[in-house]
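The values are calculated or read from the model by the stated rules, or taken from the named source; none is laboratory data. Predicted model only: the values in this text are computed from it and were never measured. Here Cβ is always computed from backbone atoms with ideal geometry, including for glycine, and neighbour counts include all displayed protein chains.
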């Protein structure tokens, strides 16, 4: 009967947080990896199926914001547990984790018959957790650089932007492979865990994966919870500080996603100027085309009057004949102001 006993592993809030992170991560992967490998047939097909590149970018940015908010929530919750409830730091790495990893390798190689007893979070779970923390920080920083390239280039060399793109794509690929291979194996293949669905583990699973924690529970070693008065006293300090810091981080996130759109829309529009394109004969190989007719010598062209010195907008008057100015002949159609002074010189 005891084999069917279940032990609470994750609360409802923790399960909801996990599902939000999982859905956001999945959306980021499905919209980010095709952008990294754009140009390949499968990536182009997936982008088309998802609605085009603009839709893919919108989904990617939205999922990034959701993940950022979820990470902010996680930081506040962990801080509350540490500073208010004063729980054990079960997810922080210790020297014992290194020893546990070595003992696990020895057991898997058959060098020892004694299987190690793991605590609430094993060295494998801690490695996954801190890899996620590192990845979230790196993806956030590099994502800001690509999302706001002009603002980034004001403070850092321009070369940092393509470097951020390479780091962002590389870390994304590493994260997807880690989830698909490492996490799926240990959670869904090695021993299918329903903890994120029901929040509980069976006694058999606890013996297999968290035997040391199971021993503490069965021996009645429960973490002491502070008195309500002490909790309220700590909350009077924690809640205002956490509220202010959370508000600052939310404002920072808002500026993150609204500060800049694209380089095209944020750069000031430059004045439109005509390109100087002097009329010159196109060189050809001898014998390939009939000899061109001899152009009229420059002396046959009517020189500009002295009153036109310094003028650069010939077509304003001569295209329409405004003010009695002679109109351009038909063969001058399409010629720019720069070509006028190339032929008609000042006397």
What do you reckon, is residue 216 touching a helix residue (DSSP H, G or I) at 6+ places or on another chain (Cβ under 9 Å), surrounded by 14 or more Cβ atoms within 10 Å (Cβ to Cβ) and assigned by TED's automatic domain parsing to the domain that holds residue 7? no
Among the residues that make up segment 37-44, is at least one of them at pLDDT 90 or above, in a helix (DSSP H, G or I), assigned by TED's automatic domain parsing to the domain that holds residue 170 and loosely packed, with under 14 Cβ neighbours inside 10 Å? yes
Is there a residue in segment 106-116 that is surrounded by 14 or more Cβ atoms within 10 Å (Cβ to Cβ), in contact with a helix residue (DSSP H, G or I) (Cβ under 9 Å, 6 or more places away or on another chain) and not in a helix (DSSP H, G or I)? yes
Does residue 69 meet the test of being assigned to a helix (DSSP H, G or I), in contact (Cβ under 8 Å) with a residue 40 or more places away in the chain, out of contact with any strand residue (DSSP E or B) (no Cβ under 7 Å at 6 or more places or on another chain) and farther than 30 Å from residue 29 by Cα? no
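Suppose the filter is part of a loop (DSSP other than H, G, I, E, B), over 30 Å from residue 229 (Cα atoms) and either under 33 Å from the mean Cα position of the chain (by Cα) or free of Cβ contacts under 8 Å to residues at least 12 places away in the same chain (or both); does residue 32 pass it?
no
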When you check residue 9 against the structure, is it more than 20 Å from the chain's Cα centre (by Cα), crowded, with 18+ Cβ neighbours inside 10 Å and in contact (Cβ under 8 Å) with a residue 24 or more places away in the chain, yes or no? yes
Could you list, in sequence order, all residues of segment 84-105 that are in contact with a helix residue (DSSP H, G or I) (Cβ under 9 Å, 6 or more places away or on another chain) and in contact (Cβ under 8 Å) with a residue 40 or more places away in the chain? 84, 85, 86, 87
Consider segment 309-334. How many of its residues are in a loop (DSSP other than H, G, I, E, B), surrounded by 10 or more Cβ atoms within 10 Å (Cβ to Cβ) and in contact with a helix residue (DSSP H, G or I) (Cβ under 8 Å, 6 or more places away or on another chain)? 6
Working only within segment 204-227, note down all residues that are under 27 Å from residue 83 (Cβ atoms), assigned to a helix (DSSP H, G or I) and either within 31 Å of the chain's Cα centre (by Cα) or in contact (Cβ under 8 Å) with a residue 40 or more places away in the chain (or both). 212, 213, 217
So residue 8 fits all but one of (1) more than 30 Å from residue 203 (Cβ to Cβ); (2) touching a strand residue (DSSP E or B) at 6+ places or on another chain (Cβ under 8 Å); what number is the exception? (1)
Can we say residue 77 is touching a helix residue (DSSP H, G or I) at 6+ places or on another chain (Cβ under 8 Å) and modelled with pLDDT of 90 or more? yes
Within segment 224-231, is even one residue surrounded by 14 or more Cβ atoms within 10 Å (Cβ to Cβ), farther than 28 Å from residue 143 by Cβ and touching a strand residue (DSSP E or B) at 6+ places or on another chain (Cβ under 9 Å)? no
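Is it fair to say residue 201 is in the same structural domain as residue 97 (by TED's automatic domain parsing), at pLDDT 85 or above, surrounded by 13 or more Cβ atoms within 10 Å (Cβ to Cβ) and in a strand (DSSP E or B)?
So residue 201 passes the test.
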